[in-house]
Amino acid sequence: MAEQDKKTKSAGDIGDIYEEVHVVNVGGETIHAKRVSGRFRRYKDLVWVFWFSYLILPFLRIGGEQVVLFDIPARQFHFFGATIYPQDIWMLTFALILLAMMLFGITAIAGRIFCGFFCFQTVWTDWFVWIEEKIEGSPLQRRKLDKAPWNSEKITKRGIKYAIWSLISLVTGISFAAYFMDSYELLEDLVTFDAHIAAWVTLLSFFLGTFILAGFMREQVCFWLCPYARIQSVMVDRDSIIPSYDIPRGEPRGRLKKGVDNEQKGDCVDCNQCVAVCPTGVDIRQSALQEGCIMCGLCVDACDKVMEKIDKPKGLIRYASDNEIQGQVQPPLMRRPRVLIYLAISLASILAIVFGLASIPPLEMHVVHERQPLYVKMSDGSIQNSYTIKILNKLPEPLDVKVTVNGVEGANIIGLPDILTLQSAKVIPYTIRIRAKQDDMAAERVPVYFKVEALNDPTINEEHESFFAGPAR
Ligand code: SF4
Ligand code: SF4
């Protein structure tokens, strides 16, 4: 430490690090945070790529098929070549459990890191603020412009900014709507004003939502609207690694001054850079876990730069657990029961989803026995039962199949062609009859087994059990 202190520069050398104008968020006005470069800023920029892919994904096609499509009218979900039907929707339950466990697990390990890096509110706000900075200038200039009267400069700058924000909001809305319908048809329908009312409502909701939430409400959403901020405290503990100010090292804080003894001071030079860069206006030095802190790490970047300038080790603000800051031993992740539980449930959910995807049957058949009447005795003495049969072809192309029945000697199907051509994803109900001799029935009610089988590939088949009823013996 003494060695480091010897290197400490004088106040005159570091005058430019002091940030005089900063605003702590009390909910009343927009925070104009300073943009800082650094490691965590780069991580945030990388996440932009992920969200750009959200915008273009519904417009990508593989073999002419939209790669992601929630086709609600046809009750199908297309996902990179796999088609999921309502019958397979149980996998969605596991997908939701997985997402919840991942969120809980990540929060237990690293706090609200999802908010700081991945949340669409944070990312879209980041884009909007970046555009704002390009048009209106530094945080100081933006604050001045906020207070300035509506002169030609303000009208021009705001006009350009709102136009670009509107464009992004529009693209966001179109992309979201495109997940639920044929994306290219949607574009055509929008241009010709022929789009379905649901498309217009979705588009307008997303347009307004994006414009207002990312453009105007910004960090207020994280503060006042997001429920995650409220529940995070029950998910983090003293071992969670979150942006933390190293109090023992930083205090007593104080500005470096020429001609005075700076040796007694802590490493924090009270420059307020950490507050100036914070998108939610939080002062991390007050306490590590604050409701407004979205754990984006930008204050870490800002403080590291200051430490570099004053020749002190980086990490006065760093991702660290409360235990670590207090000088205690940090237990390894695998010794934290809650992390293990979240991990176990996540792995179980992944396995269930993988199993589900791997075992989606290409054919699905349902057979319903008609109750009224349960059976009919024909003039030749044979017994007839009626059924409604529904077969779903989950393959992307039409399929020729035959349907057979077993269980009663000599039973034959009436009312169904020998070869059925099933169109992809179409279910057509058939009313069929089965006739058999009463003498061939072992009891008044015997099980029968319907089997549907592809003509060109017998491994594609499906069986369904029903019953065949006759008069009491
Ligand atoms: S913690 Fe770092 S960035 Fe914040 S005031 Fe102190 S020295 Fe400046
Ligand atoms: S205090 Fe630091 S980590 Fe928290 S939101 Fe502000 S800049 Fe991000």
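The values are calculated or read from the model by the stated rules, or taken from the named source; none is laboratory data. Keep in mind that what you see is a predicted model, and the values were worked out from it rather than measured. Note that we place each Cβ from the backbone using ideal geometry, even for glycine, and neighbour counts take in every protein chain shown.
Between a residue in region 275-299 that is acidic (Asp, Glu) and any residue that is within 13 Å of ligand 1 (Cβ to nearest atom) and outside any loop (DSSP other than H, G, I, E, B), which pairs come within a Cβ distance under 7 Å, given they are 6 or more apart or on different chains?
Every condition considered, the pairs that remain are 283/275.
What number goes with the only condition from (1) small (Gly, Ala, Ser); (2) within 26 Å of residue 237 (Cα to Cα); (3) more than 9 Å from ligand 2 (Cβ to nearest atom); (4) buried (at least 18 other Cβ atoms within 10 Å of the Cβ) that residue 315 does not pass?
(4)
Is it fair to say residue 265 is buried (at least 18 other Cβ atoms within 10 Å of the Cβ) and modelled with pLDDT under 90?
Against the criterion (buried (at least 18 other Cβ atoms within 10 Å of the Cβ) and modelled with pLDDT under 90), residue 265 qualifies.
Across region 267-284, what is the number of residues that are touching a Leu at 6+ places or on another chain (Cβ under 7 Å) and more than 10 Å from ligand 2 (Cβ to nearest atom)?
Residues that pass the stated criteria total 3.
Take residue 375 and tell me if it is aromatic (Phe, Trp, Tyr) and under 30 Å from residue 75 (Cβ atoms). First the steps, then the outcome.
On the way: aromatic (Phe, Trp, Tyr): yes; under 30 Å from residue 75 (Cβ atoms): no.
Criteria not met by residue 375.
Does region 275-284 contain any residue that is more than 18 Å from residue 43 (Cβ to Cβ), more than 10 Å from ligand 1 (Cβ to nearest atom), assigned to a loop (DSSP other than H, G, I, E, B) and out of contact with any Gly (no Cβ under 6 Å at 6 or more places or on another chain)?
Taking every residue of region 275-284 in turn, at least one turns out to be more than 18 Å from residue 43 (Cβ to Cβ), more than 10 Å from ligand 1 (Cβ to nearest atom), assigned to a loop (DSSP other than H, G, I, E, B) and out of contact with any Gly (no Cβ under 6 Å at 6 or more places or on another chain).
Quick one: in region 31-55, which of the residues that are within 16 Å of ligand 1 (Cβ to nearest atom) and assigned to a helix (DSSP H, G or I) is surrounded by the fewest Cβ atoms within 10 Å (Cβ to Cβ)?
39
Answer yes or no: is there a residue in region 128-139 that is farther than 30 Å from residue 322 by Cβ, of a type in the set (Gly, Ala, Ser) and in contact (Cβ under 8 Å) with a residue 24 or more places away in the chain.
First pass over region 128-139, keeping only residues farther than 30 Å from residue 322 by Cβ: 128-139.
After this cut, where a residue has to be of a type in the set (Gly, Ala, Ser) as well, the list is 137-138.
After this cut, where a residue has to be in contact (Cβ under 8 Å) with a residue 24 or more places away in the chain as well, the list is 138.
Within region 128-139 (the criterion being farther than 30 Å from residue 322 by Cβ, of a type in the set (Gly, Ala, Ser) and in contact (Cβ under 8 Å) with a residue 24 or more places away in the chain), the answer is yes, since at least one residue qualifies.
Of all strands (runs of 3 or more DSSP E) completely enclosed by region 355-473, which ones contain at least 2 residues that are within 30 Å of residue 94 (Cα to Cα) and at pLDDT 90 or above?
Working: elements: 363-369, 383-393, 399-406, 412-414, 420-422, 427-436, 445-454, 461-469.
Passing ranges, in order: 363-369, 383-393, 461-469.
Would a scan of region 319-337 turn up a residue that is closer than 19 Å to residue 96 by Cα, more than 16 Å from ligand 2 (Cβ to nearest atom), among the hydrophobic types (A, V, I, L, M, F, W, C) and in contact (Cβ under 8 Å) with a residue 12 or more places away in the chain?
no
Check 315, 327, 297 and return the single one that is in contact with a Phe, Trp or Tyr (Cβ under 6 Å, 6 or more places away or on another chain) and at positive phi.
297
Counting only residues that are under 30 Å from residue 33 (Cα atoms) and among the β-branched types (Val, Ile, Thr), give me the helices (runs of 4 or more DSSP H) lying completely in region 123-197 with at least 1 of them.
152-178
I need every pair where a residue in region 45-63 that is among the β-branched types (Val, Ile, Thr) has its Cβ under 8 Å from the Cβ of a residue that is not in a helix (DSSP H, G or I), sequence separation at least 6 or different chains.
Once the first residue is among the β-branched types (Val, Ile, Thr) and sits in region 45-63, its partners that are not in a helix (DSSP H, G or I) give 62/80; 62/81.
Please find, within region 268-314, the residue that is nearest to residue 35 (Cα to Cα) out of those that are of a type in the set (Gly, Ala, Ser) and in contact with a strand residue (DSSP E or B) (Cβ under 7 Å, 6 or more places away or on another chain).
Among residues in region 268-314 that are of a type in the set (Gly, Ala, Ser) and in contact with a strand residue (DSSP E or B) (Cβ under 7 Å, 6 or more places away or on another chain), the one nearest to residue 35 (Cα to Cα) is 297.
Here is a check on your reading of the model: is residue 277 out of contact with any Asp or Glu (no Cβ under 6 Å at 6 or more places or on another chain) and crowded, with 20+ Cβ neighbours inside 10 Å?
When the stated conditions are applied, residue 277 passes them.
Within region 312-350, track down each residue that is modelled with pLDDT of 90 or more and within 16 Å of ligand 1 (Cβ to nearest atom).
Scanning region 312-350 gives 312, 313, 314, 315, 316, 317, 318, 319, 320.
Any residue at all in region 231-245 that's within 13 Å of ligand 1 (Cβ to nearest atom), surrounded by fewer than 21 Cβ atoms within 10 Å (Cβ to Cβ) and assigned to a helix (DSSP H, G or I)? If you could, list the steps in order and put the result at the bottom.
So in region 231-245, the residues within 13 Å of ligand 1 (Cβ to nearest atom) come out as 243-245.
Restricting the remaining residues to those that are surrounded by fewer than 21 Cβ atoms within 10 Å (Cβ to Cβ) gives none.
There is no residue in region 231-245 that is within 13 Å of ligand 1 (Cβ to nearest atom), surrounded by fewer than 21 Cβ atoms within 10 Å (Cβ to Cβ) and assigned to a helix (DSSP H, G or I).
Take the residues in region 285-304 that are outside any loop (DSSP other than H, G, I, E, B) and within 18 Å of residue 117 (Cα to Cα); name whichever of them is nearest to ligand 1 (Cβ to nearest atom). Spell out how you get there, then give the answer.
The initial filter retains those residues of region 285-304 that are outside any loop (DSSP other than H, G, I, E, B), namely 298-304.
Next, from what is left, pick out any that are within 18 Å of residue 117 (Cα to Cα): 298-302.
Values: 298: 11, 299: 7, 300: 9, 301: 10, 302: 5 Å.
Going through the qualifying residues, I end up with 302.
Given the criteria β-branched (Val, Ile, Thr), under 30 Å from residue 108 (Cα atoms) and under 33 Å from the mean Cα position of the chain (by Cα), does residue 360 qualify? Quick ask: steps written out before the conclusion?
Numbers: β-branched (Val, Ile, Thr): yes; under 30 Å from residue 108 (Cα atoms): no; under 33 Å from the mean Cα position of the chain (by Cα): yes.
So residue 360 fails the test.
Is it the case, given these coordinates, that residue 108 is of a type in the set (A, V, I, L, M, F, W, C), modelled with pLDDT of 95 or more and either within 28 Å of residue 282 (Cβ to Cβ) or in a helix (DSSP H, G or I) (or both)?
For residue 108, the condition - of a type in the set (A, V, I, L, M, F, W, C), modelled with pLDDT of 95 or more and either within 28 Å of residue 282 (Cβ to Cβ) or in a helix (DSSP H, G or I) (or both) - is not met.
Condition test on residue 249, is it within 16 Å of ligand 1 (Cβ to nearest atom), touching a Phe, Trp or Tyr at 6+ places or on another chain (Cβ under 9 Å) and either more than 24 Å from residue 129 (Cβ to Cβ) or part of a helix (DSSP H, G or I) (or both)?
No.
Would you please list the contacts, defined by Cβ atoms under 8 Å and residues six or more apart or on different chains, that run from a residue in region 259-271 that is under 11 Å from residue 312 (Cβ atoms) and part of a loop (DSSP other than H, G, I, E, B) to a residue that is near ligand 1 (Cβ under 7 Å from one of its atoms) and hydroxyl-bearing (Ser, Thr, Tyr)?
268/245
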